[in-house]
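First comes the structure, then the notes that go with it.
The values are calculated or read from the model by the stated rules, or taken from the named source; none is laboratory data. A quick note: this is a predicted structure, and the numbers were derived from the prediction, not measured. Neighbour counts run over all protein chains shown; Cβ positions are idealised from the backbone, glycine included. With ligands, DNA and RNA removed, areas are computed over all heavy atoms of the protein, side chains included. Shrake-Rupley method; radii C 1.70, N 1.55, O 1.52, S 1.80 Å.
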Amino acid sequence: MAIIKVHDKSFDIYLSEETILQRVKELAAVINKDYTGKRPLFIAILNGSFMFATDLFKQLTIEAELCFIKLASYKGMKSSGNVVTSIGLEDDLFGRDVIIVEDIVDTGKTLHNFLPKLVHQQPKSLKIAALLHKSEATEYPLEINYIGFDIPNKFVVGYGLDYDGLGRNLKEIYQVI
Ligand code: IMP
């Protein structure tokens, strides 16, 4: 047991660094195979996905490009739902093979709101790679093509994921107690 404290909450180790890196290697191997002869553009969503994107990208043997974007939600003037806009997406996605890189898909709302913006640019293909998926928490079903770990619906920190700004630097992933 390795209990840590982040802000006011206690967390127990859930995935070791070794387990995470092994799984990232496996995902990269599948992607290397699926995209042989192609040149996909990886779009990593900040902040949480920076570690996953880095480790995944290091394992690629195919030609690939990477960009990082940030998503910002705001309430539409008329609509009651959140509208998601991206900051930093300079690449033209027309005709590209695009892979979204997310740290975690929880309810699916963020990507559900954001994907139409990408589809609008008519990429040749659009897939999602998520290190973590809380399938029990799904409210907006999405097809996630590359999943690292399907995890219970409990809050986690580490390996890029934060709890109120802290915990991103942890090499392992911890689950709230
Ligand atoms: P969704 O829109 O509900 O799928 O949530 C996605 C975003 O919520 C992720 O990109 C994270 O920033 C955040 N998030 C969801 N669950 C967790 C968690 O357990 N730990 C840290 N961040 C989380």
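Below, the figures for the structure above:
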| item | result |
| --- | --- |
| Solvent-accessible area of ARG168 with every protein chain in place, 1.4 Å probe, in Å² to the nearest 10 | 60 Å² |
| Surface share of carbon and sulfur [accessible, 1.4 angstrom probe, percent] for the range 18-152 | 50 percent |
| Across LYS9/LYS171; LYS5/LYS70; LYS70/LYS127; LYS117/LYS154, pairs whose alpha-carbon gap is larger than 22 Å | LYS5/LYS70; LYS117/LYS154 |
| Protection proxy ranking, peptides 141-147, 40-46, 131-137, average beta carbon neighbours within 10 Å, highest first | 40-46, 131-137, 141-147 |
| For the range 1-154: rounded, prolate or oblate by the Cα gyration tensor [a/c cutoff 1.5] | oblate |
| Residue-averaged [θ]222 nm for the chain, counting only DSSP H segments that reach four residues, each worth -39500 (n - 2.57) | -7000 deg cm²/dmol |
| The range 87-105 and the range 122-167: distance between their alpha carbon centers, rounded to Å | 15 Å |
| For the range 26-177: accessible area per residue (Å², 1.4 Å) | 51 Å² |
